[in-house]
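The structure under discussion appears below in the form of C-alpha cells.
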Amino acid sequence: MANTRNASRISSSPWRWLAPAPDSITVRHHPEDVPGGEWLINFIWLLWYFLDATFNPLAREYWPVTLAGFVATGVLTFLAFNRPVRWVRLFGVALVAVGVAAMPYNHSGGVTSLVYAGVVLVHYGTMRQRIALAMVVWLVFVVDALWLLQWPLVLVVSLALMMFGVVGGALMRDIAERRQVQLRLSHDEIRRLAATAERERIGRDLHDLLGHTLSLIALKSELANKLFDRDAAAAKREMLDVERVARDALAQVRRAVTGIRAAGVAAEVASAKLLLESDGVHLDYTLADAGMPVEMETALAMCVREAVTNIQRHARASAARIALEATADKVILRVEDNGRGGAIVPGNGLAGMRERLAAIGAQLQIDSQQGRGTVVKVTAPLPQAQTLSFSHPEKVAQSAG
C-alpha cells in the first residue's frame, strides 16, 4: 500500500516521526493512500491567532502567548491525527488546556484551539463517548467565556454555534469515512470469498474430470501389461485406448483452464461500478455485443481492471465512463475520467497492459491532460467468423448479489 511505502521511506530518515502510525486516524481513514501536502489546508484556521494579535491590543502585548498557542495547537493536532489512536484523548485534553490558557489574552486563538480539541476528540471512542467529549469541550468554552471572562452574550452564543457546527461536521465526516472504510473491507471480503469459492469449484471440476480418466488409464495400462506376453494385438489395442483417453483428457483440461483464465468484460465493468461508486465516483458505461475470442476478451477485461484501479487510486475523479464499441473488423474500448490527469508514470500495471494487448495485436493510446482527466483507448482487430458474446454487466452484478 502507498501508506506503507511512504512510512518505510521516512522511517530511515531523521523525519521518521512525521510518518503516520499504522493505527493512526490518518491511516485508518485513508488505508490506500495517505494524503499529501493538501492535508495541511486543515491548519489554515490557526491564522486566527495572528488575526486577533493584529486587532487586539491585549494580544499584541502578550505576543509570546500568541506564538506559543499557535505552535502548540499545530503540533498537538498533527500528533493527534498521526500518532497511535490510543493517544488521541491525551492530545485533545492538551488542546483544551491550550485554548483555555490562551483565551484571556488571544480571544480568537483560544477559541480556535478549543475547536481543534473538539475535532480531535470526536475521532476516537464509541459514538456516545465522542458526543460526550465534544459537549464537554463546548461547555468548557461557554463557562470560560460567559462566566470567567464575561464576554458579551451575543458573542458567546455566535461562537458557540460556530463551534457546534464545525465539530458536528467533523463528527459527521468521521462517520462517513468509517462507513467508506467498512464498505471497502466488505467488498474485499466478498472478493476473497468469491475467489475461495472459485478455487473450490475448480478443484472439484478437476477432480471429477481427471479422477475417472486417470483411473481408466491405470486399469487399461495394467491390462495391457498382462496381455503383452499372451496376446500382443490385444495389448496394443489397450494401449491405443490409453492414448486416446489421455489425449481426450488433455483436451478437456485445456478447455477447463481456458475457461478458468478467461475474464469477462461485463464482469470487470460490474466490479468497477461497485469499486468506483463506493469511492464516490459515478460510473457510466455502454457495452456493445461483440463477437470476441476468449483471449481478446480477457485482455480487454484486464485493461478495464487496470484503468479503473488507476482511477480509484490516483485520478481524484468524480465521474468515469467505460465504452465498448464494435465494428465489422475491430473492437474499441475507451475508459475515461474527469480527474486531475497529468504525466503518466510507467509502472508494472501499464507494462503488463501493453504486453497483453500486443499479444492480440491491439493498440493502446493514453491521453492524459493536466486538469482534464485521462482517456485510455484500446483498438483491437476483430477476427472474422466469431460469434462469441458476453452478458450484460447488470446481470452479472445481480447474480453476484
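For Arg354, which of the numbered conditions (1) assigned to a strand (DSSP E or B); (2) out of contact with any helix residue (DSSP H, G or I) (no Cβ under 8 Å at 6 or more places or on another chain) fails to hold?
All conditions pass for Arg354, except number (1).
Taking the condition surrounded by 13 or more Cβ atoms within 10 Å (Cβ to Cβ) and touching a helix residue (DSSP H, G or I) at 6+ places or on another chain (Cβ under 6 Å), does Leu333 pass?
Against the criterion (surrounded by 13 or more Cβ atoms within 10 Å (Cβ to Cβ) and touching a helix residue (DSSP H, G or I) at 6+ places or on another chain (Cβ under 6 Å)), Leu333 qualifies.
Can you go through Ala234, Ala224, Ala197 and tell me which one is small (Gly, Ala, Ser), closer than 30 Å to Ser278 by Cβ and either assigned to a helix (DSSP H, G or I) or modelled with pLDDT under 80 (or both)?
Ala197
Counting only residues that are at pLDDT 75 or above and out of contact with any Ser or Thr (no Cβ under 6 Å at 6 or more places or on another chain), which one in the stretch 31-45 is farthest from Leu79 (Cα to Cα)?
Going through the stretch 31-45, the residues at pLDDT 75 or above turn out to be 43-45.
Subset that is out of contact with any Ser or Thr (no Cβ under 6 Å at 6 or more places or on another chain): 43-44.
Details: Phe43: 13, Ile44: 16 Å.
Within the stretch 31-45, the match that is farthest from Leu79 (Cα to Cα) is Ile44.
Given the conditions (1) at pLDDT 70 or above; (2) surrounded by 11 or more Cβ atoms within 10 Å (Cβ to Cβ); (3) over 30 Å from Arg244 (Cα atoms), which single one is not true for Leu206?
The number of the failed condition is (3).
Got at least one residue in the stretch 319-329 being touching a helix residue (DSSP H, G or I) at 6+ places or on another chain (Cβ under 8 Å) and either surrounded by fewer than 23 Cβ atoms within 10 Å (Cβ to Cβ) or over 16 Å from Lys377 (Cα atoms) (or both)?
No, that holds for no residue.
Is it the case that Lys377 is surrounded by 14 or more Cβ atoms within 10 Å (Cβ to Cβ), modelled with pLDDT of 90 or more and more than 15 Å from Arg305 (Cβ to Cβ)? Even if it seems obvious, please write down each step before you answer.
Numbers: surrounded by 14 or more Cβ atoms within 10 Å (Cβ to Cβ): yes; modelled with pLDDT of 90 or more: yes; more than 15 Å from Arg305 (Cβ to Cβ): yes.
Yes: the conditions hold for Lys377.
Select, from Arg28, Arg89, Arg9, the only residue that is modelled with pLDDT of 85 or more, in a helix (DSSP H, G or I) and charged (D, E, K, R).
Working: Arg28 fails: modelled with pLDDT of 85 or more; Arg9 fails: modelled with pLDDT of 85 or more.
Matching residue, one of Arg28, Arg89, Arg9: Arg89.
Among the residues that make up the stretch 176-183, is at least one of them under 30 Å from Gly99 (Cα atoms), modelled with pLDDT of 85 or more and of a type in the set (A, V, I, L, M, F, W, C)?
Keep residues of the stretch 176-183 that are under 30 Å from Gly99 (Cα atoms), which gives 176-178.
Still in the running and modelled with pLDDT of 85 or more: none.
No: the stretch 176-183 contains no residue that is under 30 Å from Gly99 (Cα atoms), modelled with pLDDT of 85 or more and of a type in the set (A, V, I, L, M, F, W, C).
The values are calculated or read from the model by the stated rules, or taken from the named source; none is laboratory data. Please read these numbers as outputs of a predicted model, since none were measured by experiment. As a convention, Cβ positions derive from the backbone with ideal geometry for all residues, glycine included, and neighbour counts pool all protein chains shown.
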